[in-house]
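Here is the structure we will look at, set down as structure tokens.
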Amino acid sequence: MHKAIADIPEERLLNAPYLHCEDNLTVQTIVGVYEWERKAERPLILSLQLVSAQPLYLTRTLIEKQLMIWLSPCRYRLLETLAEYLTLRMFAKWNCSKIVLEIEKPGALGDLARVGIRITRHIDRSQND
């Protein structure tokens, strides 16, 4: 049975996290170990979840534009390294406390399998420096 909002303590409502999700963001970049992978930009499919204490006011278009800015100089070999880089940039740019990032590399193994990773990262924003 679901509780009505009136039954939830006010302090819990005030600290409830906000969740912003975007699925299937397509971006172009160079990532790969093999020389043939590093000759031209190829698509990556990203999905992300951003958890924050307050609304982030992000749009899909804004996120895609920011991702392209961050990815334009990148030449990573591993998806894992790229994912770590992107989560660090997201934490610095957007006031979120948790990020779940999925990156898929279509066609990396032809039609044999889907290649991708999923990472979850947290940052403690409750401390005042």
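The values are calculated or read from the model by the stated rules, or taken from the named source; none is laboratory data. Keep in mind that this is a model prediction, so the values were computed, not measured. So basically every Cβ, Gly included, is an ideal-geometry build from the backbone, and we count neighbours across all protein chains shown.
Brief remarks on what is shown
- When region 63-103 is limited to residues that are among the charged types (D, E, K, R) and farther than 23 Å from TYR18 by Cβ, the one that is modelled with the highest pLDDT turns out to be GLU84.
- Look at (1) part of a strand (DSSP E or B); (2) hydroxyl-bearing (Ser, Thr, Tyr); (3) closer than 27 Å to GLU35 by Cα and you find that THR120 fails only one, number (3).
- Residues (touching a residue at least 40 places away in the same chain (Cβ under 8 Å) and closer than 20 Å to ILE119 by Cα) located in region 69-80: LEU71, CYS74, ARG75, TYR76, ARG77, LEU78, LEU79
- Note on region 65-93: among residues that are small (Gly, Ala, Ser) and in a helix (DSSP H, G or I), the one that is nearest to ALA40 (Cα to Cα) is ALA83.
- Residues within region 104-129 that are among the hydrophobic types (A, V, I, L, M, F, W, C), surrounded by 10 or more Cβ atoms within 10 Å (Cβ to Cβ) and modelled with pLDDT under 85, tallied: 3
- Those residues of region 50-92 which are within 16 Å of ILE123 (Cα to Cα) and exposed (fewer than 14 other Cβ atoms within 10 Å of the Cβ), in sequence order: GLN54, ALA92
- Restricting attention to region 28-49, the residues that are of a type in the set (Val, Ile, Thr) and under 29 Å from ASP124 (Cα atoms) add up to 1.
- Of all residues in region 31-51, those that are within 12 Å of VAL100 (Cα to Cα) and of a type in the set (Ser, Thr, Tyr) total 1.
- Residue in region 50-61 that is of a type outside the set (Asp, Glu), under 13 Å from the mean Cα position of the chain (by Cα), at pLDDT 80 or above and in a helix (DSSP H, G or I) present: yes
- Of all the residues in region 81-106, those that are in contact (Cβ under 8 Å) with a residue 60 or more places away in the chain and of a type in the set (S, T, N, Q) number 1.
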